[in-house]
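A short write-up of the structure that comes next.
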Amino acid sequence: MMKKIIFCAFLVFGQNFLLFSQVKISFFTGKIAALKSPPEHLFLAGDFNGWNPTDRAWELLKTTSGNYVLSKDFPTGIIHFKVTRGNWNTVECDADGKAIDNRNLVIKSDTSVLLDIAGWQDSFAQPEKKHTASARVHVISENFEMPQLGRQRRVWIYLPAGYDAAQTKYPVIYMHDGQNLFDEYTSSYGEWGIDELMDKMPAQEECIIVGIDHGDEYRMTEYNPYDSKYGKGRGEDYVQFLVKTLKPYIDTYYRTQNDAVHTTIAGSSMGGLISIYAALKYPEVFGNAGVFSPAFWMAPPVFDLARQTAISKSSRFYFVCGDAENDSMVADMQKMADIIKVRGITPANAPAIVIKGASHNEKQWNGDWPGFYKWLMGDN
């Protein structure tokens, strides 16, 4: 019996060692496009540090030979990143000044990564950014008060065609990262194009969409209800703002179907995380959640919340991600979907869609939107 116990303990230890083992990745620069005012600081910004373009913990240090190096321990899996000189205006690009896709690295064992950098974005004259928001998009306020956070934020609204001419009441979708939803001019990484997609909807399937800008340096804490390496989680305060301040305002000044069945919360990445949190904590407010590429790795306690919460049987959750985002994305998303189904939500009300080859960006979420919206409207 003792031998059996020892063997089982060794097996568990071995499995945990494999699960949490780290490998060393050494990054070093090769050919680098001329720097504007050397010496300059180079950083890695990726899904491992919240895409922070000036994270001192991820700075490549210049050597006596003139190149830049950084060594870090990573778990096995997939990471996505770019090189910056401290902000997104100085991110790497191709030799013609065009944006490049994120670098992808599949981590299996200790290795070295050569970083050749063909150009820097600020070395090229940039085309003038143009506003692309449709005529149905309006800014409610550039400085909407958020008393729960002691801050202000821009809030957008998309109104259906014919809104002013009719007396119809509409369902409402509340979405995060408002800068990236409607207008190329305000987006950092490209826009979802929600307004163009919604403009194509038939009248009987139209809805109101409210977009709340993220808070730049506050994004990682406002969209996380739990403390993390980025600071104290303010996600509950942010959701309280939505529940107690913004939604009552929208329901007062716009013609809404204000019950939970017709109220949805949706977002991607950290926005996907805070969306499911809000739907779990306040099912009487948000009856549906669109969970796009959720950053569950940033908040493991959210799984316990799903296990322990009395989930409303009428709640609906739509999960979607790509299989080329990171190593844990699909598994984490499926884990959450399974927990919710075990708690009594039917498979039809908690689909988990995996898009083959899709990455973590606005282009993907633009492509995911029609399927989500069809599902959302289909049973309502």
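The values are calculated or read from the model by the stated rules, or taken from the named source; none is laboratory data. Predicted model only: the values in this text are computed from it and were never measured. Cβ coordinates were reconstructed from backbone atoms using ideal geometry, including for glycine residues, and neighbour counts include every protein chain displayed.
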- request: Return the residue satisfying two criteria in turn: it lies in segment 122-138 and is out of contact with any Lys or Arg (no Cβ under 9 Å at 6 or more places or on another chain) and over 16 Å from TRP192 (Cβ atoms), and of such residues it is modelled with the lowest pLDDT.
  value: PRO127
task: Just give me the residues in segment 236-284 being touching a Ser or Thr at 6+ places or on another chain (Cβ under 8 Å) and among the aliphatic types (A, V, I, L, M), in sequence order.
output: ILE250, ALA260, VAL261, ILE265, ALA266, ALA279, LEU280
message: Can you tell me which condition ILE265 does not meet? The list is (1) crowded, with 24+ Cβ neighbours inside 10 Å; (2) touching a Pro at 6+ places or on another chain (Cβ under 7 Å); (3) of a type outside the set (Asp, Glu), and all the others hold.
response: (2)
- prompt: Which of the residues spanning segment 120-157 are within 30 Å of ARG103 (Cβ to Cβ) and buried (at least 19 other Cβ atoms within 10 Å of the Cβ)?
  reply: TRP120, GLN121
message: I'd like to know if segment 12-24 contains one or more residues that are touching a strand residue (DSSP E or B) at 6+ places or on another chain (Cβ under 8 Å), surrounded by 15 or more Cβ atoms within 10 Å (Cβ to Cβ) and either modelled with pLDDT of 95 or more or assigned to a loop (DSSP other than H, G, I, E, B) (or both).
response: no
- line: Scanning segment 330-353 for residues that are loosely packed, with under 14 Cβ neighbours inside 10 Å and assigned to a helix (DSSP H, G or I) gives ALA331, ASP338, VAL342, PRO347, ALA348
- prompt: Any idea which of (1) closer than 30 Å to VAL330 by Cβ; (2) assigned to a strand (DSSP E or B); (3) free of Cβ contacts under 8 Å to residues at least 12 places away in the same chain; (4) not β-branched (Val, Ile, Thr) is the one TRP51 doesn't satisfy?
  reply: (2)
- prompt: Residues of segment 228-251 being part of a helix (DSSP H, G or I) and of a type in the set (Lys, Arg), which ones?
  reply: LYS244, LYS247
task: Go through segment 265-310 residue by residue and tally those that are under 17 Å from the mean Cα position of the chain (by Cα), among the polar types (S, T, N, Q) and either closer than 22 Å to THR245 by Cβ or assigned to a loop (DSSP other than H, G, I, E, B) (or both).
output: 3
task: Looking only at segment 231-241, decide whether some residue is surrounded by fewer than 17 Cβ atoms within 10 Å (Cβ to Cβ), in the same structural domain as GLN179 (by TED's automatic domain parsing), farther than 22 Å from TYR318 by Cα and touching a helix residue (DSSP H, G or I) at 6+ places or on another chain (Cβ under 8 Å).
output: yes
- prompt: Any residue at all in segment 72-88 that is closer than 25 Å to SER228 by Cβ, assigned to a strand (DSSP E or B), modelled with pLDDT of 90 or more and of a type in the set (Asp, Glu)?
  reply: yes
query: For segment 94-113, what are the residues that are within 26 Å of ASP323 (Cβ to Cβ) and either in the same structural domain as ASP323 (by TED's automatic domain parsing) or in a strand (DSSP E or B) (or both)?
result: ARG103, ASN104, LEU105, VAL106, ILE107, THR111, VAL113
- request: Quick one: count up the residues across segment 161-205 that are surrounded by 21 or more Cβ atoms within 10 Å (Cβ to Cβ) and either under 30 Å from ASP101 (Cβ atoms) or not aliphatic (A, V, I, L, M) (or both).
  value: 17
- prompt: Which one of these is without any contact (Cβ under 8 Å) to a residue 24 or more places away in the chain and in a loop (DSSP other than H, G, I, E, B): PRO160, PRO225, PRO127?
  reply: PRO127
One residue from TYR174, TYR189, TYR185 being out of contact with any helix residue (DSSP H, G or I) (no Cβ under 8 Å at 6 or more places or on another chain) and within 27 Å of PHE292 (Cα to Cα): TYR185
- prompt: Can you find a residue in segment 243-261 that is more than 20 Å from TYR158 (Cβ to Cβ), modelled with pLDDT of 95 or more and touching a helix residue (DSSP H, G or I) at 6+ places or on another chain (Cβ under 9 Å)?
  reply: yes
